[in-house]
Amino acid sequence: MKRPSRRAVLTASGMALTMSIAGCLEEESDPDGSGDEDDSRDESLEDMLELPSDVESALAYLYDPDGPVSIHLHHDPQSVEGMMTGTDEITEVLDGSSEVEWFLRAEGVDEAEELPYTIWTGSFDLNADIDGTEYDEFTLVDIPDETNLAFATDGAVGLAGIKSYLESVLTAYSDDEQPYLASREDIVSVLNAVTTESGGIAVEGELLETELSDELDESDELSAEQLPDVLGFQQEQQADEDIEWTFAGWYEDGAAEYTDGFATLIENLYALEMEDGESSTDDELVVVNKTESYVPPEERPDPPGIPQYDGYDAETDEVLFKFTDGDEFDVEQFEIEIEEETLDVDWTRGNETISEGTVIGIPWDVIEPGDSMTVSFESPDGRGSHGVGTNVPFQFPINIEIDPETDTATIYYHDGPPLSGDSLSIDVYDDQGPRHDDPTRTVDVTDSFEPGDTKQVEDVDFDYVIRVAYERTDGETVTIGGAHLTPPGNFEITFDTDQETATVTYPEAGHQDGQRTTEVPNESTLSAESYEIRLNGEPTETQFTENGDSLEPGEELTVAGVKIGDRVSVHWVGDGGPDTILSAVSTPTVSFEYSYDESAETLTIEHGGGDTIDMELIAFEGYIDGEQQVREPTEEVTELEPGETITLDEIDVEAFIDIAFDGQSLDNVHVFEVAEKQ
């Protein structure tokens, strides 16, 4: 059983709060309005609260919500401009000198598409040209370019949210109505127990039950009866020091009988071992404190990598995926979703742990090419829960070869599940890539296509593109194989930058990137005079013909004088030629070290050793903020020497970045793996 995800209740990090209100803070008030409050109205709430004074005064502006809420308190002093990180609307409303001390956010059920009500403390000065509506000491202003958002301030407190709600809050405050928490001893007691100088969270049990309903239904260790009426949480950690956790639960019927159940709840929700936790009860309140030893990044286990397609098992009718790296973790820490639906079949293939090289199997009848697959992993130390999402890259082991004498292409299907002919088509593109709107012609496939089968396409030539297309059950068409038609023969090019050489090999087994070469038939003997090796476009002194008329599988040729950035290529010079078969650039031999600042969303890359890098030939591209994007270093450098660093901005923690030199990958990094190690 996988533990319920703690992400539903852990949403109070500084970045989470910043992003939730980004773009909504826009108003200012007279700086001389100090926000003096009606002591008679707030006296009862202030007597109840045992919180930092700024927080106590701010909670006076929290009035009756529409339903159960979670309350997040976060202390992170900074300028408004710095916090908004590029949002223009804030600078149109507030003066650049405005500063924020505390963020207080109240969020209810199903408010993902609406702005949560947020209270800020600090100092706020409106720009001189801003007009608004006066409510006693407060000024209410509209957010520019937003239809229903507003900001109100008295200079010391800022209120951000839906305009109609802010109007009701300010009216209630002016009418001396009691704030919401004045009648909520349960929430106040929990906040008092968990809130520190850096913040705290309180979540009403009804909201918690709604958020965790699926996990509770599937769990054999948890039940709704264990949930408190109010749950509180806070985590404290100074740099390189132990982590201090505080949890509090309010049980209206008395906390004593729920102490053990509350500890079990925390253990499962937060993936913490609670045997050494310290518990105490006081009437309706139970408090649990837990200290977790700090583990330096270099001593932490490596998180799992992204599983890659690894073939098909005909006996079990499963599509196989292999984890590419990572230390050993319990399989129960993983969850797989296909098309956003949790996979409820056994995919473990008997594995009790997941590590580098582990192969899992997903039944062919529950997955198809183009499906989105998310593998979620919850770290055993409770530091984080992450999801790695991707579209299933079903590029099956399909080879396509052309016979230049007959102008016929043969498609070989080496390994994979049986495919129905009704779902397949072969698209042919004349001298153009497959991303064009329409193929030149389409060849229908009437019968099934199974491993070992071949299909033929006539009247083709070099530079044609053939795409094997699969029509999904939802009607979408995806590519499962294909090739840009090139002359016979698959070659490999490797470089030795120290020796300044390149080795061109005609391998003994057919070569196809990402596929298991043992599954592909041996290459045939070729005519050596039909092939030519070139360095930067010019024929090299040594050619395959020096070894005879035949080019046998396993034969190789060494090219000297190859420097970093030089291009070595293999060309067909026989019938229909010349035509480029393979081209590769000598890339620098380097290693990289990475560090990540999640609050600033910056990835720092250090040249860890090796050759000097020509930065004009480097590109940083990958899956960033949910889409393919390119980033440029913030520094202007032409060369990167060992020990030097560069920085990429606006990189989210789930980003996957590839570092390419002249189009060829040097390294790639999944940012959350870097964050896990820090």
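The values are calculated or read from the model by the stated rules, or taken from the named source; none is laboratory data. Small disclaimer: the values here were computed from a predicted structure and weren't measured. Reconstructed Cβ throughout: ideal geometry from the backbone, glycine too, with neighbour counts over all protein chains shown. Side chains are part of the model used for accessible areas, which takes the heavy atoms of the whole protein and leaves out ligands, DNA and RNA. Shrake-Rupley method; radii C 1.70, N 1.55, O 1.52, S 1.80 Å.
The figures follow:
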read-out	value
Residue-span extension gain [residue 177 to residue 331] - 0.36 nm each, minus C-alpha spacing	50.1 nm
FRET efficiency, residue 50 to residue 244 (Cβ-Cβ, R0 22 Å, nearest 0.05)	0.75
Inter-site label distance for residue 299 and residue 453 at 7 Å from Cα along Cβ, in nm	5.7 nm
Residue 291-residue 64 pseudo-label distance in nm [points 7 Å out on the Cα-to-Cβ vector]	4.6 nm
Of the GluC sites (Glu not before Pro) in segment 641-678, those whose Cβ has at most 16 other Cβ within 10 Å and which sit in DSSP loop	644, 650
Extension reserve of the residue 479-residue 344 stretch, reckoned as 0.36 nm per residue once the Cα distance is removed	45.9 nm
D_trans [Stokes-Einstein, Kirkwood Rh over alpha-carbon pairs] for segment 239-344, 4 °C, 1.567 mPa s, µm² s⁻¹	73 µm²/s
Percent accessible area from carbon and sulfur atoms, segment 105-213, protein chains only, probe 1.4 Å	41 percent
Residue 583-residue 599 pseudo-label distance in nm [points 7 Å out on the Cα-to-Cβ vector]	4.8 nm
Alpha-carbon Debye profile of segment 236-284, log10 I(q)/I(0) at 0.16, 0.22, 0.23, 0.31 Å⁻¹	-0.51, -0.84, -0.89, -1.24
Where Rh is the Kirkwood radius over Cα pairs, Rg/Rh for segment 530-668	1.11
Accessible surface, segment 512-668, averaged per residue in Å² (probe 1.4 Å)	52 Å²
Computed log₁₀ I(q)/I(0) - Debye formula, equal Cα scatterers, no solvent, segment 620-662, q 0.21, 0.26, 0.33 Å⁻¹	-0.74, -1.00, -1.25
Taking only Cα atoms of segment 601-643, radius of gyration then Dmax in Å	11.8, 33
Cα convex hull of segment 301-361, projected area averaged across orientations, nm²	4.2 nm²
Solvent-accessible area, 1.4 Å probe, carbon plus sulfur percent, for segment 226-268	35 percent
Accessible surface, segment 159-306, averaged per residue in Å² (probe 1.4 Å)	45 Å²
Accessible surface of residue 438 - all protein chains present, 1.4 Å probe, nearest 10 Å²	110 Å²
Computed lengthening from residue 168 to residue 127, 0.36 nm per intervening residue step minus Cα-Cα distance	12.3 nm
Rg/Rh for segment 543-622, where both radii come from Cα atoms and Rh is the Kirkwood radius	1.17
Convex hull of Cα atoms in segment 183-239, direction-averaged projection (nm²)	5.3 nm²
Per residue convex hull volume, Cα atoms of segment 139-263, in Å³	196 Å³
